[in-house]
Amino acid sequence: MNENLFASFMVPITLGIPITTLIIMFPTMLFPTPNRLINNRMITIQQWLTKLTSKQLMVTHNPKGQTWSLMLISLFLFIASTNLLGMLPHSFTPTAQLSMNLGMAIPLWAGTVFIGFRNKTKMSLAHLLPLGTPTFLIPMLVMIETISLFIQPLALAVRLTANITAGHLLLHLIGSATLALMSINLFTALITFIILTLLVIIEFAVALIQAYVFTLLVSLYLQDNT
């Protein structure tokens, strides 16, 4: 375990050069392009999961929204694979960085809002004012709805960052406690190790769930604007 609690969230540097870009590009190697008539089991499972996830995300979209299917499924696969790779010992999790998550959330959110104002201008403007609002509350509600609209990408990024960071910190703390208890009380250390094992399993599930939630929210923003 690292002595520094936040050492796992520091950008890795080799020979004085940050290697974040290489780490971000690495998950693409896990999804090779099939070039055979009959694929192996790994590629078949990947294609089945990709098709299942794409169907769940695009089932409620109209034809215009379905044109985003490739981008959304690529986003899901990237976040999921990055989160899972971050579970490896002495690894680096790019999705634990708020700057990277904002870099994904803001362009996608801006794209959906731009499409909404271009194709459905009246309906997009109508979302800023709930139906039946009293006249004297109109300026205040328009301001509140506008602020809530601009908060959406920040909420996307903070949700993903907070969940990934909190899980890694909890694993670090319980792992450190387990190592410390091994020299004090083996029975208590065994209990904490079992808890640590359960948390690791939960964190694998959280890694996939957070990738799905991030992509699903982007899909819902797109659905409201197409």
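Tabulated data
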item: For the chain, accessible area per residue (1.4 Å probe, heavy atoms of protein chains only), Å²; result: 63
item: Residues of type lysines that Lys55 reaches as a straight line, Cα spacing below 29 Å, ignoring anything fewer than 8 places off in the same chain; result: Lys64, Lys120
item: When the convex hull of its Cα atoms is projected in every direction, mean area for region 76-135 (nm²); result: 6.5
item: Rounded FRET efficiency, nearest 0.05, which uses the C-beta distance separating Lys122 from Ile151 and R0 of 25 Å; result: 0.60
item: Cβ-Cβ FRET estimate between Ser183 and Ser91, R0 fixed at 25 Å, reported to 0.05; result: 0.40
item: Acute angle (nearest 10 degrees) that the helix 138-181 long axis makes with the longest principal axis of the chain, alpha-carbon atoms; result: 10
item: Surface share of carbon and sulfur [accessible, 1.4 angstrom probe, percent] for the chain; result: 74
item: FRET efficiency, Ile138 to Gln223 (Cβ-Cβ, R0 30 Å, nearest 0.05); result: 0.65
item: Relative contact order %, the chain, counting alpha carbon pairs below 8 Å whose residues are six or more apart; result: 30
item: Leu199 paired with Lys55, simple spin-label distance in nm, labels 7 Å along Cα-to-beta-carbon; result: 3.7
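The values are calculated or read from the model by the stated rules, or taken from the named source; none is laboratory data. Just so it is clear, the model here is predicted, and its values are computed rather than measured. Positions of Cβ are backbone-derived with ideal geometry, glycine not excepted, and every protein chain shown enters the neighbour counts. Just so you know, the surface numbers come from the protein's heavy atoms only, side chains and all, with ligands and any DNA or RNA stripped out. Shrake-Rupley method; radii C 1.70, N 1.55, O 1.52, S 1.80 Å.
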